[in-house]
Amino acid sequence: MIKYVKKIVAALSAVIFVCGLAYAADSSKNTKKQADIKMSMEKDKKDEQEIKSLYLQMCRSMIAKDLKSLEEIHGDDFVLVHMTGSKMNKAEYIQAIKDGTLNYYSAEHDEILVQINGDSAVLRGKSRINAAVYGGGRHTWPLQADMKLAKRKGKWVFVFSQASTYTLKK
């Protein structure tokens, strides 16, 4: 009888040991998964800040007519759909800023939202832009820019922008 009890205790000990190993392995996988999720969230947060900074840089560059900066932060395939409905590719857009077709004087930002999905992102910027465009008078518009970005060679660039107006909150 004692031998039988010893065998049962030994068998149960073996089962408990194996279950403990399995739990430890599973727990290790969960810890790694949690670390991967945390690292991904930190990367997204860093990218989000980088994209917001890029939007602010774009606004400053439009105001300063910093064509070199605009060239660098817009992809070669960039397309702008202006609030008037006109479409411009990157070269046309930069030329319009250079020749005064699009004149930007100031920008005050109400909201900048970013969503990231791998190497692509969308940004919605709501800014009050003081500008004179297409020969019209200087005016401040509440402009909403719905933009798409792509990460290319480790750098975010704008690839699409559609401008519209938004209602100011009172």
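The values are calculated or read from the model by the stated rules, or taken from the named source; none is laboratory data. Worth saying up front: this structure is predicted, and the values here are computed from it rather than measured. Don't worry about glycine lacking a Cβ; one is built from the backbone with ideal geometry, like all the others, and counts go over all protein chains shown. Just the protein is used for accessible areas: all its heavy atoms, side chains included, with ligands, DNA and RNA removed. Shrake-Rupley method; radii C 1.70, N 1.55, O 1.52, S 1.80 Å.
Just for region 136-170: of the residues that are among the hydroxyl-bearing types (Ser, Thr, Tyr) and part of a strand (DSSP E or B), which one is surrounded by the fewest Cβ atoms within 10 Å (Cβ to Cβ)? Across region 136-170, the extreme among qualifying residues is Thr165.
For region 109-129, the criterion of being open to solvent by 60 Å² or more (accessible area, probe 1.4 Å), out of contact with any Asp or Glu (no Cβ under 9 Å at 6 or more places or on another chain), in contact (Cβ under 8 Å) with a residue 60 or more places away in the chain and over 20 Å from Ser69 (Cα atoms) is met by no residue. Listed conditions (1) more than 24 Å from His139 (Cα to Cα); (2) within 14 Å of the chain's Cα centre (by Cα) are all met by Glu71, apart from (2). In this structure, Ile63 does not satisfy being of a type outside the set (Gly, Ala, Ser) and in contact with a Lys or Arg (Cβ under 7 Å, 6 or more places away or on another chain).
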